[in-house]
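Please treat every number below as a calculation from the coordinates, not as lab data. The structure displayed is predicted, hence computed values, not measured ones. Using ideal geometry, Cβ is built from the backbone for each residue, glycine included, and neighbour counts are taken over all protein chains shown.
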Amino acid sequence: MESQCSSQRSCTIPMSNVVENNITPDCAKGLATLMDVTHVCVKGQPLQDMCRTITAVATKKFFFSKQALQEQCSSSGYVSLEAQPGQQILVKIILLTDNNEHQDIGGVVEDGIEHAYMISTNNDGRLEGDYTSKSQSITLKIGSTEETHIVLFQATGCIEIEAPQNAVVERIGDAMVVRCRFTEQVWNLKCIGTRWIGAVGTCKVPTEPPIIEIPKINGQDNNLNERTQESEIITKDAIIGLIVSATIVLCCVVFGIGYLCSKGIKRKYLPNKDYEKCEMVAVDGTIAHMLKADNVQTWQNTMNPTMSRNDHVPVVAMDRDFITVNTNNLSQ
């Protein structure tokens, strides 16, 4: 019965097989009462090809331990599982019997080291072993026990995402930080189940004006250097000429303003030769009229230090004080 019904969803045993095993038909009616059936409900179909590497996904997959032992593989009794980069693999082995003593349920080989299952009791009261990998690939070692176990596995965690352009990705456990290289933009992501929760934008790159390269022509490099030196000399000469010209113009302006100011002062304070007449008034009351025509002669006669008397004898005259009087205001 074990060879035909174990690990099967249903099985039928013909009576001919029962007779061949020295079981008389008289006990066939009570055969059902002697059967002890153990079952576990698992969704899905059991895997068939156990020789190749099996890809673990978010949905659960399972197989029976005796399947791995009965497969005609080069590595019989070993099953390789692999998930996406960044994910882990959760493995559960369900024991169909309550007694786990003297049962070789195998283990898990990861990075060359064999690990044992953590045995616990599930909600149905059955024993099960759990193991969660740290890497994306592991190898299951199937025990050599005659008891049949159910092995379930699935991928957990989030896969590695490709870093956006001009960005750096930092992952710590279930948290991921995306940073831009040239700006201060930052995005935080959280892994829930097998999906990253969050959004990642585009890193902005600071734009720089393109560098325009002037094509070089053979035989013109020296001429270009000479022209550059000549232009620098011309520029210096032009600056010096501007400074000298500005200095000369400023001096001319200063002298011109000084001349105009002095001329205006003379016009304001000197008497008008055409309309004014002056008189020399001596202390003794003598008035010497000075007009435009006889100004010089009058001044000479007035300032003569000697005088003549009636007898024509020269007489030394005393120094006389004169006062210039504007006669415009005198009555004519």
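For the residue pairs Lys43/Lys141; Lys60/Lys92; Lys92/Lys141, alpha carbon separations beyond 18 Å are given by Lys43/Lys141.
Tell me the net charge near Lys43. Cut-off is 11 Å between Cβ atoms, Lys43 excluded, with +1 for each Lys or Arg and -1 for each Asp or Glu. Around Lys43, the charge tally is +2. With neighbours defined as other Cβ atoms within 10 Å of a residue's Cβ, the residues Ser135, Ser262, Ser65, Ser3 order from fewest to most as Ser3, Ser262, Ser135, Ser65.
As a proxy for reagent exposure, Thr12, Thr55 were ordered by neighbouring Cβ count within 10 angstrom, fewest first; the result is Thr12, Thr55.
As a size descriptor, the averaged projected area of the C-alpha convex hull of region 41-156 was calculated at 7.1 nm². Highest average first, the peptides 164-177, 112-125 ordered by how many other beta carbon atoms sit within 10 Å of their residues are 164-177, 112-125.
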